[in-house]
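Report on the structure given below.
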Amino acid sequence: MTSPELSQQRENFCYRHPDRQSFVLCQRCGRTVCPECQTLAPVGVICPECIRESNAKAKAAQRPSARTRLRRLGQDQRPLVTYAIIAVSAVLWLVQQVTGDWLTGILVYHGIYSHAGGGAFEPWRMLTSAFAHSTVFHLAFNMLTLWIFGRTLEQVYGHLRFAALYVVSALGGSLAIALVAPNTTVLGASGAVFGLFGAYFVVMRQARMNTMSLIVLIGINVVMGFVIPGIAWQAHLGGLVTGALCSWLFLWESKSAKPSRKGLWLVATLGVLIIVGATVSVSQLPLAIAG
């Protein structure tokens, strides 16, 4: 039998129902629980609060962290960057049609925008110009080429390295304009696309594949740049060389015994040096010539 003194003690009543006497304790927190509040578990009886806490911890453990989600995204074999570039370029072209010359004027590159002594020093245009196009045929040709070569290169190098390859190749094309024809206005992804040509050539050489068909394709496009008016062949050659160099750096990185990002950091450094090089080169020219 239970003594009257023991039965009247506060700890002998359910913590959720003070009018219900019980002598059963939660195996985790030690609180008294009545039959209604008891949940049987492998460790014994558990109170409702401990059950909620346990369920919350289980859900948190099942929910992937931001780092895990990013890692899974990086392991996704779909050419997400390629599709994103195509989508952004297409949307910008549609906006260009609506806004007229306003958006085009914001995105295009000209040597004057790399002149540190001018009032229009906007070096980011070296990249933004790669996302604007003059005609629908200009857009379609570049995006088709990106779709053909970009999917394979993105699978070879991964999302981040492919994005770096595309961006730095575009910068390389603009650098060639700044060095050779600073008074030329350019827009379009041709420099970046030629960078994919150069990168693909390096990959094929590394794999000991026959590169003749690619050489012919590159040659035809290079000749077209000299024959057809209005095509900036300088950007083509600049992007071609830059893309090949980036690809070589990534392949060099892959030969390392331990996983590293040396190649990625070198390519990022190359992008910075390209911007600095264009600024130094154009800034030495009189504004009248650069403009």
| field | Pairs with Cβ under 7 Å, 6+ apart, first in segment 27-51 and in the same structural domain as His17 (by TED's automatic domain parsing), second among the small types (Gly, Ala, Ser) | value | Gln27/Gly44; Thr32/Ser22; Val33/Ser22; Cys34/Ser22
| query | If you take the residues in segment 133-143 that are modelled with pLDDT under 95 and either part of a loop (DSSP other than H, G, I, E, B) or under 19 Å from the mean Cα position of the chain (by Cα) (or both), which one is surrounded by the fewest Cβ atoms within 10 Å (Cβ to Cβ)? | reply | Thr135
| message | Can you find a residue that is in contact with a Cys (Cβ under 7 Å, 6 or more places away or on another chain) and either of a type in the set (Asp, Glu) or crowded, with 24+ Cβ neighbours inside 10 Å (or both) anywhere in segment 166-187? | response | yes
| request: Identify, from the list Ala130, Ala116, the residue that is in contact (Cβ under 8 Å) with a residue 60 or more places away in the chain, surrounded by fewer than 17 Cβ atoms within 10 Å (Cβ to Cβ) and not polar (S, T, N, Q). | output: Ala116
| said: Which condition from (1) part of a helix (DSSP H, G or I); (2) surrounded by 15 or more Cβ atoms within 10 Å (Cβ to Cβ) is the one that Pro123 breaks? | reply: (1)
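I'd like to know if segment 254-261 contains one or more residues that are assigned to a helix (DSSP H, G or I) and in the same structural domain as Phe137 (by TED's automatic domain parsing).
Filtering segment 254-261 for residues assigned to a helix (DSSP H, G or I) gives 254.
Okay, now just the ones that are also in the same structural domain as Phe137 (by TED's automatic domain parsing), so 254.
Yes.
Please state which one of Ala192, Ala278, Ala170, Ala244 is assigned to a helix (DSSP H, G or I) and at pLDDT below 95.
On the way: Ala192 fails: at pLDDT below 95; Ala170 fails: at pLDDT below 95; Ala244 fails: at pLDDT below 95.
Matching residue, one of Ala192, Ala278, Ala170, Ala244: Ala278.
The values are calculated or read from the model by the stated rules, or taken from the named source; none is laboratory data. Since this is a predicted model, take the numbers as computed values, not measurements. Note that we place each Cβ from the backbone using ideal geometry, even for glycine, and neighbour counts take in every protein chain shown.
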